[in-house]
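Heads up: the structure comes next, in structure tokens.
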Amino acid sequence: MNTAVIIQARLNSCRFQEKVLKKIGGKSIINLIFERLKKSKKIDKIIFAIPKNKRERKLYKHLKKSKANIYLGKEKDVLDRYYKAARKYSVKNIIRVTGDCPLVDSKLVDQMISFFEKNNYDYISNNLIRTYPHGLDVEIFSFNALQIAWKKAKKIEHREHVTPFLKEDNKIKKFNVINKNDFSNLRWTIDLPVDYQVVKKIYNHFRPDIYFDWKDALNFCLKNKKILTNKHLETN
């Protein structure tokens, strides 16, 4: 079974330029994501889907140096970029992760892959109803479901963000993975410089270990709430 993570990333982020190349403990954010996902026992391939334009050459070279699988596609039509990346690498089941979530947890990903493989759903995620910290987002869907979205999605917001069509279409069989306790008020994604500072403090606590799991990070945050200077921000 060909199960692959497709990570969307770009340098041209309007709120925090080149955030995926910012470093924590000597490693770029994009490389931390790459390294943490390599620990997965269920993922066959990790693919980076990035825009094909001059602005992204720096990111392309950075990923090539890391010997990553790369697909270059449309900048604004991210649904098309995902679909063609999956088609190029003959992916059967796709795990969607974004390039601004350096605390992505391979154990959580594997648990969700196992659930997806054992059940008859087209799409599962842990953010239809959010109970995990923002930044642990995982979405899994079949190539067939992605192909349906690619063919049928016409709205701009359906093309720019990959999965809105899958979430909204009533014919797509969906499931939401819920954590026992609600930690959706925590922000572990990197959207703004203040988010970067919070995540950096988490990593610095566990240094040089970059493979700590999300529950270890959670325990640290709950015991050191003063570091959570970004909790007041919107989490949409």
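The values are calculated or read from the model by the stated rules, or taken from the named source; none is laboratory data. Bear in mind the structure is a predicted one, so any value in this text is a computation, not a measurement. Note that we place each Cβ from the backbone using ideal geometry, even for glycine, and neighbour counts take in every protein chain shown. Areas reflect the complete protein model, heavy atoms only, side chains present, ligands, DNA and RNA absent. Shrake-Rupley method; radii C 1.70, N 1.55, O 1.52, S 1.80 Å.
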Q.
Need the list of aspartates and glutamates near K38 for cross-linking: C-alpha distance under 14 angstrom, and skip anything on the same chain fewer than eight residues off.
A. D105, D110, D213
Q) Looking at region 111-193 from every direction and averaging, what is the projected area of its Cα convex hull in nm²? A) 6.4
Q) With the other protein chains left in place, how much accessible area per residue, in square angstrom, belongs to the chain at a 1.4 angstrom probe? A) 50
Q: Using a/c under 1.5 as the rounded threshold, could you call region 1-108 rounded, prolate or oblate? The axes a ≥ b ≥ c are square roots of the C-alpha gyration tensor eigenvalues, and prolate needs a/b larger than b/c, oblate otherwise.
A: oblate
Q: First compute the accessible area of region 1-74 with a 1.4 Å probe, then give the percent of it belonging to carbon and sulfur atoms.
A: 45
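Fully extended, how many nm does the chain gain between Y121 and K180 (0.36 nm per residue separation, minus their Cα-Cα distance)?
Between Y121 and K180, full extension yields an extra 19.1 nm.
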(Q) Could you work out what % of the accessible surface of region 81-236 is carbon and sulfur, using a 1.4 angstrom probe and leaving DNA, RNA and ligands out of the count? (A) 50
(Q) For the chain, take N as its residue count and report Rg(C-alpha) divided by 2.2 N^0.38 Å. (A) 0.96
Q: May I ask what percent, to the nearest 5, of DSSP beta bridges between residues of the chain are antiparallel?
A: 30
Q | Size of charge dipole - region 181-236 - debye, nearest 20, with Cβ of Lys, Arg +1 and Asp, Glu -1, no other charges | A | 300
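Determine the calculated [θ] at 222 nm for the chain from helices alone, applying -39500 (n - 2.57) to every DSSP H run no shorter than 4 residues and normalising by the residue count; nearest 500 deg cm²/dmol.
One gets -10500 deg cm²/dmol as the mean residue ellipticity at 222 nm.
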Q) Which residue, F165, F116, F220, has the most motion in a Gaussian network model of the chain that connects Cα atoms within less than 10 Å? A) F220
